[in-house]
Amino acid sequence: MIPELVYTMLACARIGAVHCIVFAGFSSESLCERIVDAQSSVLVTADGVYRGEKLINLKQIADEALEKCREKASSSVTKCLVIKHHALRTKSGAACNKLQTPWDSDCDVWWDEVMRDSPEECEPEWLDAEDPLFILHTSGSTGKPKGVLHTVAGYLLYTSLTFKYVFDYHHDDVYWCTADIGWITGHSYITYGPLANGATSVLFEGIPVHPHVGRFWEIIEKYKVTKFYTAPTAIRLLMKYGREPLQKYDLSSLRILGTVGEPINPDAWQWFHEVVGQGRCPVVDTFWQTETGGHVLTPLPAATPLKPGSATFPFFGVEPTILNEHGEELEGEGEGYLVFRRPWPGIMRTVYRNHERFENTYFKKFPGFYLTGDGCRRDKDGYYWITGRIDDMLNVSGHLMSTAEVEAALTEHPAVAEAAVVSRPHEVKGECLYCFVTLKDSREFNHKLVEEVKRLVREKIGPIATPDFIQNAPALPKTRSGKIMRRILRQIARNEKDLGDLSTLADPKVVEELFSQRCEAAA
Ligand code: 7RM
């Protein structure tokens, strides 16, 4: 989350290179997978970065990823451009420079050295409207991330227009979106949308609770932020500390508040509106996806009467509808699959190098409609309420991941025979991971194993996927055809006793046993 990241994106756009940004919290494994999929030729990274008090050696992670790519004999990367960030920007000198930056002089180049010799001007490359702008990976239900591809003209038009209307942009605004640029929200509403409008933005490298829990409020006061866009998970986290940390700061500059990433519970909405916005600022609850490029369901501030927890109505040109299991459109009140009837300029164009997967994932279940994968309810006033993912996806602090990808990491542990992951509601994160693991014969389930398994998932996917609960499952509930019944596991994780129809279960005894051993407290 440093200015050089934004420069790099814009530089790519200018020379017609396709960027593919990878969140700095990802493991070398995940980075390698994305490099291979995108067939990248240049890797841009930094020496290191602080996340709170933790120093992350980014260059080392990058090197490990490149090494893994080479092992797979598919390294396309010829140069690694390294930004001197930690070495230059942390409090004075060597004492603080705790990093050893590994260096390969054939491949690695320092950013500041190349920049010194670069010309001041660079002619833009003229592109076709439908040429690619970037690839951004998002979790897919088979575990392998999908490279969502966006194109230059439609995406830029859509992000710039939604930014302007949804945040009611004025030239004297100071806008702050707290998202990470490694996520689509950062692409669309830190880089492209605001900059296409010439907006003044705050770019924040840090976490909400460091060095103190009033960090956000302090920044809002310091820069007189007028438009503030964040995630329900951050709101829920900060809510825990009460009003006191806010009362020290002047938040009177705020005009509009926005949320994105997950359904916002009415409690958190009220707190955001009353305590942060002091009851004066409309809250725009913006529903959209990596795939949609920009907001698709959202209020327009001060124009749309709000209902806490509802993303309200479609943006201009977007035509949502709700289908039942048979693909029939529901009229009026009802709940079902959220789909869109027509494309809009910012919709993704393909899954990179896998157009078939694009068609299968989004257009096959209900021909003629774009399938979001979210459940949705429409109330009597026509308001849309997102009910969450209906496929096997998990949403932890606004980060989407599939059960399959976490399960794949769990089963890499030599003692684990099988694993199934479900979500369980979490006060702050929205959802957290509840994992059932079946051990191989003769392996013992103990504290040491739980720690090993957790560490493995962190290494394979990243800290965001760290399991909160790990339960020993001598057997998993399965259908006769061998499919794990996650619905039942979800109910066990949540201690919901009324299990409904168990007739498809191969062995109903399994359920009782799992209930008797369920985890009350986090691992
Ligand atoms: C922007 C982003 C997409 C998924 C989406 C939903 C969930 C996002 C909201 C929301 C309820 C919202 N892209 N989601 N925004 N659910 N209300 N306002 O998050 O590709 O990372 O995730 O996030 O499930 O399908 S994403």
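Filtered by the rule that a residue be part of a strand (DSSP E or B) and open to solvent by 50 Å² or more (accessible area, probe 1.4 Å), region 388-400 gives Arg389, His399, Leu400.
Filtering region 142-190 down to residues that are part of a loop (DSSP other than H, G, I, E, B) and within 12 Å of the ligand (Cβ to nearest atom), which residue is nearest to Arg255 (Cα to Cα)? Spell out the reasoning first.
Residues of region 142-190 part of a loop (DSSP other than H, G, I, E, B): 142-145, 167-173, 178-183.
Next, only the ones that are within 12 Å of the ligand (Cβ to nearest atom) stay: 145, 179-180, 182-183.
Values: Pro145: 37, Ala179: 19, Asp180: 22, Gly182: 27, Trp183: 25 Å.
Across region 142-190, the extreme among qualifying residues is Ala179.
Within region 351-387, the set of residues being open to solvent by 30 Å² or more (accessible area, probe 1.4 Å), β-branched (Val, Ile, Thr) and either at pLDDT 95 or above or part of a helix (DSSP H, G or I) (or both) comprises just one member, Thr361.
Here's the yes/no breakdown for (1) of a type in the set (Val, Ile, Thr); (2) without any contact (Cβ under 8 Å) to a residue 60 or more places away in the chain; (3) farther than 25 Å from Leu136 by Cβ:
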residue: Glu33; (1), (2), (3): no, no, no
residue: Leu55; (1), (2), (3): no, yes, yes
residue: Arg70; (1), (2), (3): no, yes, no
residue: Ser76; (1), (2), (3): no, yes, no
residue: His85; (1), (2), (3): no, no, no
residue: Leu99; (1), (2), (3): no, yes, yes
residue: Arg116; (1), (2), (3): no, yes, yes
residue: Cys122; (1), (2), (3): no, no, no
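When the test is whether a residue is touching a residue at least 12 places away in the same chain (Cβ under 8 Å) and open to solvent by 20 Å² or more (accessible area, probe 1.4 Å), His326 does not pass it. Quick one: would you say Tyr383 is touching a Pro at 6+ places or on another chain (Cβ under 8 Å), over 26 Å from Asp180 (Cα atoms) and either within 16 Å of the ligand (Cβ to nearest atom) or among the acidic types (Asp, Glu) (or both)? In short, no. In the set (1) in contact (Cβ under 8 Å) with a residue 60 or more places away in the chain; (2) under 25 Å from Ser139 (Cα atoms), Asp285 fails one condition alone, (1).
Residues in region 308-350 that are outside any loop (DSSP other than H, G, I, E, B) and β-branched (Val, Ile, Thr): Thr312, Thr321, Ile322, Val339, Thr350.
Give the residue that is surrounded by the fewest Cβ atoms within 10 Å (Cβ to Cβ), with candidates limited to residues of region 401-432 that are over 21 Å from the mean Cα position of the chain (by Cα) and part of a strand (DSSP E or B). Checked region 401-432; the qualifying residue surrounded by the fewest Cβ atoms within 10 Å (Cβ to Cβ) is Ala417.
State whether the residues of region 315-336 include one that is closer than 28 Å to Leu156 by Cα, among the small types (Gly, Ala, Ser) and within 12 Å of the ligand (Cβ to nearest atom). Looking through region 315-336, none of the residues is closer than 28 Å to Leu156 by Cα, among the small types (Gly, Ala, Ser) and within 12 Å of the ligand (Cβ to nearest atom).
What do you reckon, is Pro308 under 25 Å from the mean Cα position of the chain (by Cα), farther than 14 Å from His295 by Cα and not aromatic (Phe, Trp, Tyr)? Show your work before the answer.
Numbers: under 25 Å from the mean Cα position of the chain (by Cα): yes; farther than 14 Å from His295 by Cα: yes; not aromatic (Phe, Trp, Tyr): yes.
Yes; evaluated as a whole, the condition is true for this residue.
Looking only at region 478-488, how many residues end up being open to solvent by less than 40 Å² (accessible area, probe 1.4 Å) and modelled with pLDDT under 90? Before the answer, list the steps.
From region 478-488, those open to solvent by less than 40 Å² (accessible area, probe 1.4 Å) are 479, 484-485, 488; that's our starting set.
Next, only the ones that are modelled with pLDDT under 90 stay: 479, 484-485.
Summing the residues that are open to solvent by less than 40 Å² (accessible area, probe 1.4 Å) and modelled with pLDDT under 90 in region 478-488 gives 3.
Within region 182-201, residues that are among the small types (Gly, Ala, Ser) have Cβ atoms under 6 Å from residues that are at pLDDT 95 or above and within 10 Å of the ligand (Cβ to nearest atom) in these pairs: Ser188/Gly294, counting only partners at least 6 apart in sequence or on another chain. Looking across region 251-282, the residues that are open to solvent by less than 40 Å² (accessible area, probe 1.4 Å), within 16 Å of the ligand (Cβ to nearest atom) and in contact with a helix residue (DSSP H, G or I) (Cβ under 9 Å, 6 or more places away or on another chain) come down to Ile256, Leu257, Gly258, Thr259, Val260, Gly261, Glu262, Ile264, Ala268, Trp269, Phe272, Pro282.
Checking each residue in region 302-314 for being within 15 Å of the ligand (Cβ to nearest atom) and open to solvent by 20 Å² or more (accessible area, probe 1.4 Å) picks out Thr304, Leu306, Lys307, Pro308, Phe313, Pro314.
Here is a yes/no grid of residues against (1) in a helix (DSSP H, G or I); (2) more than 27 Å from Gly398 (Cβ to Cβ); (3) open to solvent by 30 Å² or more (accessible area, probe 1.4 Å):
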{"residue": "Tyr434", "(1), (2), (3)": "no, no, no"}
{"residue": "Arg443", "(1), (2), (3)": "no, yes, yes"}
{"residue": "Val450", "(1), (2), (3)": "yes, no, no"}
{"residue": "Leu476", "(1), (2), (3)": "no, yes, no"}
{"residue": "Arg490", "(1), (2), (3)": "yes, no, yes"}
{"residue": "Leu502", "(1), (2), (3)": "no, yes, yes"}
{"residue": "Asp507", "(1), (2), (3)": "no, yes, yes"}
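Hey, any hits in region 44-52 for a residue that's closer than 21 Å to Gly147 by Cβ and in contact with a Lys or Arg (Cβ under 7 Å, 6 or more places away or on another chain)? Yes, the conditions are met somewhere in region 44-52. If you go through region 109-135 and keep only what is out of contact with any Leu (no Cβ under 7 Å at 6 or more places or on another chain) and either in a strand (DSSP E or B) or of a type in the set (Phe, Trp, Tyr) (or both), you end up with Trp110, Trp126, Leu133, Phe134.
Residues that are outside any helix (DSSP H, G or I) and modelled with pLDDT of 90 or more were ranked within region 57-80; the one that is least open to solvent (accessible area, probe 1.4 Å) is Cys80. Inside region 228-250, residues that are open to solvent by 50 Å² or more (accessible area, probe 1.4 Å) and not in a loop (DSSP other than H, G, I, E, B) make up a count of 3.
Residue selection: Leu338 satisfies the criterion of being within 23 Å of Ile184 (Cα to Cα) and in contact with a Pro (Cβ under 8 Å, 6 or more places away or on another chain).
Answer with yes or no whether Glu335 is at pLDDT 95 or above and surrounded by fewer than 19 Cβ atoms within 10 Å (Cβ to Cβ). It is false that Glu335 is at pLDDT 95 or above and surrounded by fewer than 19 Cβ atoms within 10 Å (Cβ to Cβ).
The values are calculated or read from the model by the stated rules, or taken from the named source; none is laboratory data. All values reported here derive from a predicted model rather than from experimental measurement. Glycine gets a Cβ as well: all are built from the backbone with ideal geometry, and neighbour counts include every protein chain shown. The protein model used for the area step is the full one, side chains on, heavy atoms only, and it has no ligands, DNA or RNA in it. Shrake-Rupley method; radii C 1.70, N 1.55, O 1.52, S 1.80 Å.
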